[in-house]
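The values are calculated or read from the model by the stated rules, or taken from the named source; none is laboratory data. All values derive from a computational prediction rather than experimental measurement. Cβ coordinates were reconstructed from backbone atoms using ideal geometry, including for glycine residues, and neighbour counts include every protein chain displayed.
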């Protein structure tokens, strides 16, 4: 079975799910199920393989309690491995589902692996061990525990048991990357790996969490045309 994808969102960022889902349907055509973790349900339909899960009211989970909402969801989530994404991680090319399956098998055989990075984030990190291992045709690399953003939230496959050991309540997404990296430095019994390949390539539509700064330069022109025609970018004044 494909690894499920967990996508976090909030009431104010719900419009981002429309371009996110449209690009997923184009570039991620497999049976993988998407769990959208948020608060108020969107007032527009989502693809059939998308399941919206409300963890409560937005006011009970302000930004500084971003991890509370995610951990509350994971407490009832019966999958050990999951891919974590944010709603503004808009994929820009076909997702390599074969590579994701290889990453899954790798993690299943190595219970000490906390995360398998599915982007090029760890490839360009400080101190990475490039000739570390293989997973089929994937060249597996090892992230240096002392490198910055060792707990980066760029799209990756996570092990729930270890994720919930590292991540604390009362954190925003940037705390996960910064404070989580500091916590993980003291836990040398778990690894963060990645690969020289790039199974998922996505843009960050909102830099620094600011939806007013919509960045679309990494999206193909043909996709931009379709997204504009469908009105999926109109929320940000892009027509």
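Can you tell me which residue in the range 169-193 is farthest from residue 67 (Cα to Cα), limited to those that are touching a strand residue (DSSP E or B) at 6+ places or on another chain (Cβ under 9 Å) and in a helix (DSSP H, G or I)?
Looking at residues that are touching a strand residue (DSSP E or B) at 6+ places or on another chain (Cβ under 9 Å) and in a helix (DSSP H, G or I), I get 184.
Check off (1) at pLDDT 95 or above; (2) over 23 Å from residue 238 (Cβ atoms); (3) surrounded by 17 or more Cβ atoms within 10 Å (Cβ to Cβ) for residue 51 and give me the number that stays unchecked.
That leaves (3) as the condition not met.
With respect to residue 67, determine if the residue is touching a helix residue (DSSP H, G or I) at 6+ places or on another chain (Cβ under 9 Å) and over 28 Å from residue 239 (Cβ atoms).
yes
Which one of the conditions (1) touching a helix residue (DSSP H, G or I) at 6+ places or on another chain (Cβ under 8 Å); (2) surrounded by 12 or more Cβ atoms within 10 Å (Cβ to Cβ) does residue 110 fail to meet, given that it meets all the rest?
(1)
Of all residues in the range 71-102, which are assigned to a helix (DSSP H, G or I) and either surrounded by fewer than 15 Cβ atoms within 10 Å (Cβ to Cβ) or in contact with a helix residue (DSSP H, G or I) (Cβ under 9 Å, 6 or more places away or on another chain) (or both)?
Correct list: 71, 74, 75, 98.
Do we have any residue at all in the range 122-138 that's under 24 Å from residue 27 (Cβ atoms), more than 19 Å from the chain's Cα centre (by Cα) and crowded, with 20+ Cβ neighbours inside 10 Å?
Yes.
Keeping to the range 158-168, report how many residues are part of a helix (DSSP H, G or I) and touching a helix residue (DSSP H, G or I) at 6+ places or on another chain (Cβ under 7 Å).
Total meeting the criteria: 3.
Being over 25 Å from residue 96 (Cβ atoms) and without any contact (Cβ under 8 Å) to a residue 12 or more places away in the chain is the filter here; which residues of the range 44-53 pass it?
Of everything in the range 44-53, just one residue is over 25 Å from residue 96 (Cβ atoms) and without any contact (Cβ under 8 Å) to a residue 12 or more places away in the chain, namely 45.
Taking the stated definitions as given, is residue 153 touching a strand residue (DSSP E or B) at 6+ places or on another chain (Cβ under 8 Å), at negative phi and surrounded by 15 or more Cβ atoms within 10 Å (Cβ to Cβ)?
Considered against the rule, which asks whether it is touching a strand residue (DSSP E or B) at 6+ places or on another chain (Cβ under 8 Å), at negative phi and surrounded by 15 or more Cβ atoms within 10 Å (Cβ to Cβ), residue 153 comes out as yes.
Residues in the range 170-190 that are exposed (fewer than 13 other Cβ atoms within 10 Å of the Cβ) and under 21 Å from residue 60 (Cβ atoms): how many?
The qualifying residues number 1.
Just name the residue that is farthest from residue 66 (Cα to Cα) out of those in the range 199-208 that are outside any strand (DSSP E or B) and under 14 Å from the mean Cα position of the chain (by Cα).
It comes out as 199.
Restricting the search to the range 7-38, which residues are without any contact (Cβ under 8 Å) to a residue 40 or more places away in the chain, surrounded by fewer than 19 Cβ atoms within 10 Å (Cβ to Cβ) and in contact with a strand residue (DSSP E or B) (Cβ under 8 Å, 6 or more places away or on another chain)?
33
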